[in-house]
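Peer 1: Pasting a structure here, questions to come.
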Amino acid sequence: MSKLRKKYIIIMLAIIALLIFIPNIAKANVDVKRTILSNDGRMQFVFTGITLDDQQEYEYGLTKAKAESITTWHALTDFSNTSATLIIDGSTKDFKAVIDTADKGYITIRKKETDSEKIVTAQEVDLKMPFFNVISETLIKNGKEYGNGASECISVPLRNATTSNAYYQYEKITDQNVIKKYQEIKSKGGNVTELQSLLKTTPPSSGWKAWTYFNGYGADGRDGFGKPESPISVPDTGLYYMWVYFSGDNLKQLYGYAIVDNLEQDIALESISLPKTETVEMGKTLTIRATFKPEKATNKILTWSSSNPDVATVDNAGKVTPKKIGSTVITAVSDDGNKTATCTVTVVKAGSSSNGSGSAGNKTGGSASGASGSASGANGSAAGDQTTAKENLPHTGVNVWIISTTIFVAIIATVAYIKCQKVKDVK
């Protein structure tokens, strides 16, 4: 084979490679963002990173499988040279057929009636409805009652009694971050759907109960309505998921939830107080106990701080750890920042506390509750302590000194005697 022919073959292979890889590289830069427009499966998709000609006409279609052929095309009317915005409407027959059976689909955009000029080929998109968008209710007050008419019930835009069965169950929310965030949203009159990113993403696998009433018999299988039970009755106080689940022949399983509020009514905190002063010895700890008014206030969360952490630090439970001798002011602030109390803590050297050597952590309200300190600190005398000697103790320190000196002198004398004997032997 001549060198010229080899060169032509290499050039042809390079051109083929470019034809294969350049479209794939272009597609790799395509970005898609979805927005849910309504609970009936109406979604908006915005494609960026594409190239369009504003003098041309384009159309798009949706399929359930990547390799599936599109039979119905829809005019693309909202686009620019670099982006396209299109609507997937769950009430449109070909779109509904995909949305009702699959959690993901594939969108293709092409030049109008020109199958060979595809701008986007089978781009995967998310068709799964967020849990908050499956039924008409997002937040329900425990005890709410429902009737039997469509306007008196919970709406289910994507299912009805012709094609689906409806189930529900309650699950208590125990995550304190979720509860706190919910209370914050509630206090500001916000939307409970702001919780979406903090809530569970996997529904329960068992424990489902049938709705007491589910209606709607349209042939399209949509616009159902009903009630899980009436009134809504969660098992206990607190915040709950009300999970819902719809199953039917030739339909994907559809899960969602609403939040049920059965939190106890908040009792406002009026004030907090701390002991005015406390003392703690080096090497020990002190736990300062706060007093709340009223005692049953809902929010008893406090933030603690020390004015001089070099002397003593304090943790979120009010536990003071001394670092060196001195004084510091410990401050407790309520969760809302409106209530404040202080306590002056003095750190003293070990054994010098007037409250005895018992743990200062047992002190509340400025007085010591422990009796395990030294006899002079707890009772002011040694009466009743059977382990304390009643007579004078011998001066053991002096005796030890005399014995030690005697042994030392004896050793010196012995060494001197041995040396004298050696001298005599030499003579």
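Peer 1: Considering only residues that are in a loop (DSSP other than H, G, I, E, B) and open to solvent by 40 Å² or more (accessible area, probe 1.4 Å), look in the stretch 28-38 and name the one that is modelled with the lowest pLDDT.
Peer 2: The selected residue is 29.
Peer 1: Residues of the stretch 162-178 being of a type outside the set (Lys, Arg) and surrounded by fewer than 16 Cβ atoms within 10 Å (Cβ to Cβ), which ones?
Peer 2: The answer is 162, 165, 174, 175, 176, 177.
Peer 1: Which one of these does residue 184 not meet: (1) surrounded by 16 or more Cβ atoms within 10 Å (Cβ to Cβ); (2) touching a Gly at 6+ places or on another chain (Cβ under 9 Å); (3) under 25 Å from residue 240 (Cα atoms)?
Peer 2: (1)
Peer 1: Quick check on the stretch 78-118: of everything there that is of a type in the set (S, T, N, Q) and part of a strand (DSSP E or B), which residue is nearest to residue 36 (Cα to Cα)?
Peer 2: Here the answer is 85.
Peer 1: Which residue pairs have Cβ atoms closer than 7 Å, lie 6 or more positions apart in sequence or on different chains, and pair a first residue in the stretch 179-198 that is touching a residue at least 60 places away in the same chain (Cβ under 8 Å) with a second residue that is open to solvent by 70 Å² or more (accessible area, probe 1.4 Å)?
Peer 2: 192/139
Peer 1: Another question about this same structure. Within the stretch 246-282, track down each residue that is surrounded by 15 or more Cβ atoms within 10 Å (Cβ to Cβ), of a type in the set (S, T, N, Q) and over 30 Å from residue 224 (Cβ atoms).
Peer 2: Selection gives 273, 279.
Peer 1: Would you mind telling me which numbered condition in (1) closer than 16 Å to residue 120 by Cα; (2) surrounded by 12 or more Cβ atoms within 10 Å (Cβ to Cβ) residue 65 fails?
Peer 2: Going through (1) closer than 16 Å to residue 120 by Cα; (2) surrounded by 12 or more Cβ atoms within 10 Å (Cβ to Cβ) one by one, residue 65 breaks only (2).
Peer 1: Before we move on, is residue 121 touching a strand residue (DSSP E or B) at 6+ places or on another chain (Cβ under 9 Å) and either closer than 17 Å to residue 50 by Cβ or not in a loop (DSSP other than H, G, I, E, B) (or both)?
Peer 2: Spelling it out, residue 121 is indeed touching a strand residue (DSSP E or B) at 6+ places or on another chain (Cβ under 9 Å) and either closer than 17 Å to residue 50 by Cβ or not in a loop (DSSP other than H, G, I, E, B) (or both).
Peer 1: Which fully enclosed strands (runs of 3 or more DSSP E) of the stretch 224-321 have 2 or more residues being touching a residue at least 60 places away in the same chain (Cβ under 8 Å) and in contact with a helix residue (DSSP H, G or I) (Cβ under 9 Å, 6 or more places away or on another chain)?
Peer 2: 224-227, 238-247, 254-262, 277-281
Peer 1: Would a scan of the stretch 142-154 turn up a residue that is open to solvent by 60 Å² or more (accessible area, probe 1.4 Å), touching a Phe, Trp or Tyr at 6+ places or on another chain (Cβ under 7 Å), at pLDDT 95 or above and more than 30 Å from residue 229 (Cβ to Cβ)?
Peer 2: Within the stretch 142-154 (the criterion being open to solvent by 60 Å² or more (accessible area, probe 1.4 Å), touching a Phe, Trp or Tyr at 6+ places or on another chain (Cβ under 7 Å), at pLDDT 95 or above and more than 30 Å from residue 229 (Cβ to Cβ)), the answer is no, since none of the residues qualifies.
Conditions (1) within 34 Å of the chain's Cα centre (by Cα); (2) in a loop (DSSP other than H, G, I, E, B); (3) under 30 Å from residue 103 (Cβ atoms); (4) at pLDDT below 90, marked per residue:
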residue: 12; (1), (2), (3), (4): no, no, no, yes
residue: 19; (1), (2), (3), (4): no, no, no, yes
residue: 25; (1), (2), (3), (4): no, no, yes, yes
residue: 44; (1), (2), (3), (4): yes, no, yes, no
residue: 56; (1), (2), (3), (4): no, yes, no, no
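Peer 1: Also, quick follow-up: Sort through 171, 113, 124, 145 and tell me the only one that's farther than 22 Å from residue 198 by Cβ, in contact with a Pro (Cβ under 7 Å, 6 or more places away or on another chain), acidic (Asp, Glu) and touching a residue at least 12 places away in the same chain (Cβ under 8 Å).
Peer 2: The match here is 145.
Peer 1: Tell me, please, whether a residue that is in contact with a Lys or Arg (Cβ under 9 Å, 6 or more places away or on another chain), surrounded by fewer than 20 Cβ atoms within 10 Å (Cβ to Cβ) and touching a residue at least 12 places away in the same chain (Cβ under 8 Å) can be found in the stretch 207-214.
Peer 2: Scanning the stretch 207-214, I find at least one residue that is in contact with a Lys or Arg (Cβ under 9 Å, 6 or more places away or on another chain), surrounded by fewer than 20 Cβ atoms within 10 Å (Cβ to Cβ) and touching a residue at least 12 places away in the same chain (Cβ under 8 Å), so the answer is yes.
The values are calculated or read from the model by the stated rules, or taken from the named source; none is laboratory data. Model, not experiment: these values are computed from the prediction. Reconstructed Cβ throughout: ideal geometry from the backbone, glycine too, with neighbour counts over all protein chains shown. All accessible areas refer to the heavy atoms of the entire protein, side chains included, with ligands and DNA or RNA removed. Shrake-Rupley method; radii C 1.70, N 1.55, O 1.52, S 1.80 Å.
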